[in-house]
Amino acid sequence: MIIVAIANQKGGVGKTTTAINIATAMAATGWKTLLIDLDPQGNASTGMGVGAGERENSSYDLLLEQATLAQCVQPTEIPGLDILPATQDLSGAEVELVAVEDRTSRLKRGLDQQGRKGAPSYDICFIDCPPSLGLLTLNALCAADTLMVPLQCEFFALEGLSQLLQTVERVQQRFNANLGIVGIALTMFDRRNRLTDQVSDDVRDCLGALVFDSVIPRNVRLSEAPSHGLPALVYDHSCAGSRAYIALARELIGRLPEKRIAA
Ligand code: ADP
Ligand code: MG
């Protein structure tokens, strides 16, 4: 199983939208996919149509070792796509984990059950991170093979990125030497806005091939879909946003490490 963390400590940059739609695109391509909601706000869970009352066990229970992976994941409406939902008690996990010895490797430990007897198995897993660089995101980076960064084309985008890349370096040095960066995805791109264009050029100058060619446009269908509990790819599969996520998924597949088969 390949584990992809979707992280950026800034809120509202398109992490959850990317996680939901990339996971859906991968499942549609035939990859057995797990989407992990690691944000106490639970937007990925809601956006996948898993209401607050339908989240029996959550990523909190896996982190705190109160339930097994098999007990925490649940199917979604999308064939081939399971979700590990988030509940509000996840907001307490940052504090509760501080006292735990292996506090950065809890998620990794939980996911290590994947493919073992009695546990489900997946080709790929996406982790939708919260908007911070706290213990939850750290757990995601320690568990991940690689990181995908959604970046909104706005003035302070690069500033936040350098802080994220520093964190990645620290994680590589201390916890997870194999953590890679699979790419940076430009989100909410607006061709009519010159600042957006400028930032996109700057980011490409600065980071080159790390930036995915596929760009996610600002698209109202992408923002409407979650209120229907559906990925945009299902809500309106032919809108510009959905098409962009399909292209991005295709590009992602070409960049992933060879590690697809479960276990
Ligand atoms: P994050 O998870 O980084 O906080 P979200 O994915 O939740 O960001 O996106 C923040 C808000 O912007 C949400 O309301 C979402 O529906 C909307 N949004 C995300 N991507 C786009 C896009 N490409 N076009 C229009 N709206 C978007
Ligand atoms: Mg989010």
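Every read-out reported here was derived from the displayed coordinates using simple, explicitly stated rules and does not represent laboratory data. If you're wondering where the values come from, they're calculated on a predicted model, not measured in any experiment. Neighbour counts are summed over all protein chains in view; Cβ atoms, including those assigned to glycine, are modelled from backbone coordinates with ideal geometry.
Brief remarks follow.
- The stretch 2-182: radius of gyration and largest Cα-Cα distance (Dmax), Å: 15.1, 49
- Sequence of 117, 108 once ranked by neighbouring C-beta atoms within 10 Å, starting from the fewest: 117, 108
- Relative to the current alpha-carbon distance between residue 192 and residue 238, full extension at 0.36 nm per residue lengthens the span by 14.4 nm.
- Per residue of the chain, the DSSP helices (runs of n ≥ 4 H) give a summed -39500 (n - 2.57) that works out to -11500 deg cm²/dmol at 222 nm.
- Taking other residues whose beta carbon is less than 12 angstrom from the beta carbon of residue 243, and scoring Lys, Arg as +1 and Asp, Glu as -1, yields +1.
- The chymotrypsin sites (Phe, Trp or Tyr not before Pro) of the stretch 88-170 that DSSP puts in a loop, and whose beta carbon has at most 14 other beta carbons within 10 Å, are 155, 156.
- Fewest-first ordering of 132, 238 by other beta carbons within 10 Å of each residue's beta carbon gives 238, 132.
- Trypsin sites (Lys or Arg not before Pro) lying in DSSP loop within the stretch 184-253, provided at most 15 other Cβ fall within 10 Å: 191, 192
- In terms of other Cβ atoms within 10 Å, 146, 137, 17 run from fewest to most in the order 146, 137, 17.
- Converting the Cα gyration tensor eigenvalues of the stretch 1-44 into ellipsoid dimensions via √(5λ) gives semi-axes, longest first, of 20, 10, 10 Å.
- Residue 221 versus residue 100: modelled label distance in nm, points set 7 Å from Cα along the beta carbon direction: 4.0 nm
- Rel. contact order, % - alpha carbon contacts under 8 angstrom, at least six apart, the chain: 27 percent
- Under the combined filter of DSSP loop state and at most 12 neighbouring Cβ atoms within 10 Å, the stretch 81-157 retains these GluC sites (Glu not before Pro): 101.
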